[in-house]
Amino acid sequence: MQTLYFPKTNPSAATLRRLLLFFATVHFYQPMEGAVPDGVETLVTAGLCHGYPPIPFGPDLDRFKRLLKDLQSHGDEYSGGMLASLAKHSRPNLDEESVSRLIAGMSGSEQAAGDAAEKEVLWRARLLLALAARLDREQQDLAEGLQDLTHKEEALFDAIKGEDDREEFDTSFSALQMIGDLTPRPVQAGQLLKAWGQLFIRDSAASSSLLLATDRQEAADAILEICAEQAHVIPVRLATFPLPDMISGEKEVVDWQAAFIDDRNILRNRAGDCLGHWAELVRQAAESSSASAGLGQVVLDEFGRQSERWTELVSTHLQAGLKPAMLTLYLLPDLSSRRLFRRIVDGAEAFGTPEAPAGNGVLAVLSDE
């Protein structure tokens, strides 16, 4: 099985390590050519991950890079304002040129009105995704720095209290606990979904029935809400099962990517029969013409049995004291992934249009619970 990661363009190493236990390949979008997430080059070279720009810039690439650099050079406050403007598709209330003027100036304005409008939509979407990825990296760097500071706080606390004092270190006011307050998300899940969807609905390489995967719970919640409240679709939870992180701290010091590939191959060879059943079950569910009426208890029971088999197979890879992430599969009856994102991008009128084919979508949600 293969999956397409959404709605961000920079899946973390930890997310990829987990998803690649279950999926043969994880695809993800690049906002521009060559934008590979840091630290996963070996996984890309090995063919386990595949990043690609669904709408290549071609000769406009250098112009886009200059625009991106220009936005970044104005500092975090300006970039944050631009993110808000890009997400809302409105003009920023700033003294500098508007996003529209910047895009028109950098991308070339000698075009028909329709072509210019289409180009601006796509440039806005890719700018938002690129800037959001940059801020994600900065947030991760801050988190790692605060994590290191918290470890030092614990070590200092242990040194002060002495061996006879068994009082535990209280992390409730530690630096790590402040990450959420110090680094608020500048882009909401709905805004990311719309920007990512602009690329997805134009991606001729993506199948309308492709299984989509996310590690952002807000994005999954937004999609499930759209299904229930706007598309009148009741999502079916097919299964929930663990995906452990097989890389320990010692291996990360060396070359975790090579070590992970070896461990992953061993697990997937052992689980070959189980993974084959999974692929067939998901295919049947996605292609079912009666999914809206229910898959039937026999099929749901089979999903349950395969979940138990998988859990038993990965149990030897669970690290003591570390809670594995959980992957939940949802079926979206009569709502293909392309039709879903047509709705997110274009509104309710997108349902039933020729460009939005019927079919069942399958959504995979990776979470810590």
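The values are calculated or read from the model by the stated rules, or taken from the named source; none is laboratory data. Quantities reported herein were computed from a predicted structural model and do not represent experimental measurements. For neighbour counting, all protein chains shown are included, and Cβ atoms are generated from backbone atoms with ideal geometry for every residue, glycine included.
Yes/no per residue for (1) in a strand (DSSP E or B); (2) in contact (Cβ under 8 Å) with a residue 24 or more places away in the chain; (3) of a type in the set (S, T, N, Q):
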| position | (1), (2), (3) |
| --- | --- |
| 9 | no, yes, yes |
| 27 | yes, yes, no |
| 55 | no, yes, no |
| 59 | no, no, no |
Task: Where residue 47 falls short, out of the listed (1) at pLDDT 85 or above; (2) under 18 Å from the mean Cα position of the chain (by Cα) - done: (2)
Open item on the list: Could you list, ordered by first residue, the pairs with Cβ atoms under 9 Å in which the first is in segment 296-315 and within 16 Å of residue 285 (Cα to Cα) and among the β-branched types (Val, Ile, Thr) and the second is modelled with pLDDT under 90 and in a helix (DSSP H, G or I), at least 6 apart or interchain?
Closed with: 299/284; 299/285
- [ ] Go through 282, 362 for me and flag whichever is crowded, with 17+ Cβ neighbours inside 10 Å, among the β-branched types (Val, Ile, Thr), at pLDDT 85 or above and not in a helix (DSSP H, G or I).
- [x] 362
- [ ] Restrict the check to segment 11-21 and report whether at least one residue is of a type in the set (Ser, Thr, Tyr), out of contact with any Phe, Trp or Tyr (no Cβ under 7 Å at 6 or more places or on another chain), under 24 Å from residue 310 (Cβ atoms) and part of a loop (DSSP other than H, G, I, E, B).
- [x] yes
Task: Unmet requirement for residue 308, which otherwise passes all of (1) at pLDDT below 80; (2) more than 25 Å from the chain's Cα centre (by Cα) - done: (1)
Open item on the list: Would you confirm, using the coordinates I've provided, whether residue 247 is touching a helix residue (DSSP H, G or I) at 6+ places or on another chain (Cβ under 6 Å), at pLDDT below 90 and part of a loop (DSSP other than H, G, I, E, B)?
Closed with: yes
TODO: Could you run through segment 1-58 and say how many residues are in contact with an Asp or Glu (Cβ under 7 Å, 6 or more places away or on another chain), of a type outside the set (Phe, Trp, Tyr) and more than 19 Å from residue 216 (Cα to Cα)?
DONE: 3
TODO: Scan segment 1-44 residue by residue and report those that are among the basic types (Lys, Arg) and within 10 Å of the chain's Cα centre (by Cα).
DONE: 8
Open item on the list: Take the conditions within 21 Å of residue 216 (Cβ to Cβ), modelled with pLDDT of 95 or more, touching a strand residue (DSSP E or B) at 6+ places or on another chain (Cβ under 9 Å) and not polar (S, T, N, Q) and apply them to residue 327. Does it pass?
Closed with: yes
